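Input: a single structure, listed below in structure tokens.
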Amino acid sequence: MQNREDLPFSQRYGAWLQPDSDSQRELFFGTGIIVLDANILLSLYEYTPAARDDVFKALEQIKRRLWLPHQVGLEFVRNRHSVLSNRLRSLNEAPKSVNQRLGEAERAIIAARRLVQDLLIRYGRNSTAAETLAEMISDSAIKELFRPWRDQLRDHIAELKEHDLRMDALGLGDTVVQRVGELFEERIALQPSPQEIRRRVEEAASYRYPNNIPPGFSDSGKDTALRSAGDYLIWEEIIEHAAEQEAPQRILFVSSDVKEDWYEPPEPGRASRPWPTLAEELWQRAGARLRIETPQEFFQGIESYFGAEITDSTFSEINAVAETSNTEQLVADVREQGVTRLADFLRATNRPLGDVYRTGASWNALVRHAGLTSDVSTEEEQQLFRRVPSFLHVDDAARISGYLQLLEDDTPSYSELDSSGQAYAHMLIFNLWTQPAFTTFQAGIDRLHALRHLREELRDVLNMARVRHPQGAQLQLPEGPSLPLYIHAAYNREEILTAIGKSGLSGPFPANFREGVAWGPEINADTLLVTMRRDRFREKDGIEPDGDQHYDGALTRSLFQWESQNSTDADSPVGQRYQSPSSRTLVFVRPRPRSPIGHPEPWVLAGQADYISHEGSRPMRVLWQLDHPLPTDVWSYARKR
């Protein structure tokens, strides 16, 4: 029987029928033409100096693949002034806004004092107490109380004004322009003729935009037809350039624009995705394949495939800058729906859960910004809300149930929990407070119980969690305690280190752990945290797989190769422990350091591994036998290439 994917119908409508897949993603990075939208280049002006340097260094890893459409370059050089001027305007207006809001707070305190004074005199006939109150909370005392806060806020604004990029440096001495130029060198498109630009603008205005043909139709209301056609002009240059290549190409387009003129809106059972129309048109007109990624996905790809070093703080900035407009759209959608429960919002809009947390905002923050609640969060609560995405990966029924029990209004005390419940309490608390200040888990449970809105949001997230099928068995070490871990389930660093007894309230904390190996003396086991797809390509050799720098990987579904730390001697106590049949080894594996929505990627528990053999010393190259074969999805990224 003919393969379904080879049937003419499937081929003809493949762009619409085939689900999004990462199976060919690495080829877009390693062999494709990479096109950065103007918003990616303009964001360079919004980063801090350290983050901007990180981003440039990452882009240098793939500079040979970069190509610049003329329209992108034009929008970049024209709009860079407005990026800095908008920043400057906001900072210049900030002191006035701060004074206004602090003044309102001062007046509110004075009004509250006067109210109580009036009550004391009217109903208590106690003018002495009223006078004492006036002296204690005098106008001058209130101003003095607010003075250090006002000064601190002004100082922060002044520091932000001392930006390393200034309006008067945007001429020929603009360092960002210089570095962008060094990235693209001669790989810049020629300007299309005026006649061709006019033809394309008229095509967009008269046919494509009235029929909502992507890209760019959402811009049809701009002040001129030429400005409205910006995205389409870029698109036409991409198609023309792809068609001119001698061999079929892959085009990787990177943009923070996720409006509906680039992305097809979600439907029940399907998340938002780049319009299949775009992939279909590029294939028909240029014989090229298309992939569209957000900046978060793109820089995660550079980190995974080329080993670029991008710090967590830089990723946070990439996320925040890229998602500013998307956050505003989310807030508008929340306001329009008028619902305060996360599950209700996702059900009404058909949005996937990742859409909410991709922006770096919590659901609680979106509801507040939408004006649907007047509740004010403390600084601690805001920090904890930012930890909610660290629960998106939870995929085993026992952990979901254990966490939900701890999030209920009538949570049992720590001493009332059984051993399994206490283990989940440890994991949940460290997942929220990565460096807790309290000294008992009961104190953590009590603190969590006081945070009603946080518990509500976490319950919504966990109730929408997708349980992995088939679900693996609970991990049981020979002659050891049962652990709150399940084979082939996903766990983050905080959960893993807590579950194996590596972290506790007296330390060390998971946040301080950066190694890829953790020894748990309580369970007599080494835990290997393996991240795949690092340094997959060497820029000097094009796309040649870098096998020497990436030894780790599965040879079969049950055989796993692993390289120790460089300092591990085969005859050392650690090396001997790896070889000992009385010691245990747990293997966790993940495809990349960061998920597509910009958060740390969790590891999947591959299971217990038995030593078979090793080669060398400092480092040791060890071959392990897994006690459970890798499932298909894990095998797809863990296999040795």
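The values are calculated or read from the model by the stated rules, or taken from the named source; none is laboratory data. The structure displayed is predicted, hence computed values, not measured ones. Every residue, glycine among them, receives a Cβ derived from its backbone with ideal geometry; neighbour counts consider all protein chains shown. Remember, those area values only see protein heavy atoms, side chains included, never the ligands or the DNA or RNA. Shrake-Rupley method; radii C 1.70, N 1.55, O 1.52, S 1.80 Å.
Would you confirm whether or not the stretch 369-376 contains a residue that is assigned to a helix (DSSP H, G or I) and open to solvent by less than 60 Å² (accessible area, probe 1.4 Å)?
First pass over the stretch 369-376, keeping only residues assigned to a helix (DSSP H, G or I): 369.
Now drop any that are not open to solvent by less than 60 Å² (accessible area, probe 1.4 Å), which leaves none.
For the stretch 369-376, residues assigned to a helix (DSSP H, G or I) and open to solvent by less than 60 Å² (accessible area, probe 1.4 Å): absent.
Name the single residue that is modelled with the highest pLDDT among those in the stretch 143-175 being surrounded by fewer than 10 Cβ atoms within 10 Å (Cβ to Cβ), in a loop (DSSP other than H, G, I, E, B) and of a type outside the set (Asp, Glu). Once the filter is applied, the top-ranked residue is 173.
Using the structure shown, decide if residue 179 is open to solvent by 100 Å² or more (accessible area, probe 1.4 Å) and in a helix (DSSP H, G or I). No; evaluated as a whole, the condition is false for this residue.
Return the pair list, or none, for Cβ contacts closer than 8 Å from residues in the stretch 197-223 that are over 18 Å from residue 260 (Cα atoms) to residues that are assigned to a loop (DSSP other than H, G, I, E, B), at least 6 apart or on different chains. Hits for this filter: 200/192; 200/229; 201/229.
Modelled with pLDDT of 90 or more and outside any loop (DSSP other than H, G, I, E, B), is that true of residue 527?
Details: modelled with pLDDT of 90 or more: yes; outside any loop (DSSP other than H, G, I, E, B): yes.
Against the criterion (modelled with pLDDT of 90 or more and outside any loop (DSSP other than H, G, I, E, B)), residue 527 qualifies.
Counting only strands (runs of 3 or more DSSP E) wholly contained in the stretch 546-641, the ones carrying 3 or more residues that are within 34 Å of the chain's Cα centre (by Cα) and closer than 22 Å to residue 523 by Cα occupy 584-590, 603-615, 621-626.
Checked against the criterion of being open to solvent by less than 30 Å² (accessible area, probe 1.4 Å), in contact with a helix residue (DSSP H, G or I) (Cβ under 8 Å, 6 or more places away or on another chain) and among the small types (Gly, Ala, Ser), the candidates 638, 606 yield just one match: 606. If the condition is being surrounded by 14 or more Cβ atoms within 10 Å (Cβ to Cβ), assigned to a helix (DSSP H, G or I) and of a type in the set (A, V, I, L, M), then the stretch 47-87 contributes 51, 55, 58, 59, 72, 74, 77, 83, 84.
Rundown of residues vs (1) over 25 Å from residue 488 (Cβ atoms); (2) among the aromatic types (Phe, Trp, Tyr); (3) surrounded by 14 or more Cβ atoms within 10 Å (Cβ to Cβ); (4) touching a residue at least 12 places away in the same chain (Cβ under 8 Å), yes/no style:
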{"site": "416", "(1), (2), (3), (4)": "yes, no, no, no"}
{"site": "430", "(1), (2), (3), (4)": "no, yes, yes, yes"}
{"site": "433", "(1), (2), (3), (4)": "yes, yes, yes, yes"}
{"site": "437", "(1), (2), (3), (4)": "yes, no, no, no"}
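With the structure loaded, tell me whether residue 118 is assigned to a helix (DSSP H, G or I) and farther than 30 Å from residue 45 by Cβ or whether it fails that test. Considered against the rule, which asks whether it is assigned to a helix (DSSP H, G or I) and farther than 30 Å from residue 45 by Cβ, residue 118 comes out as yes.
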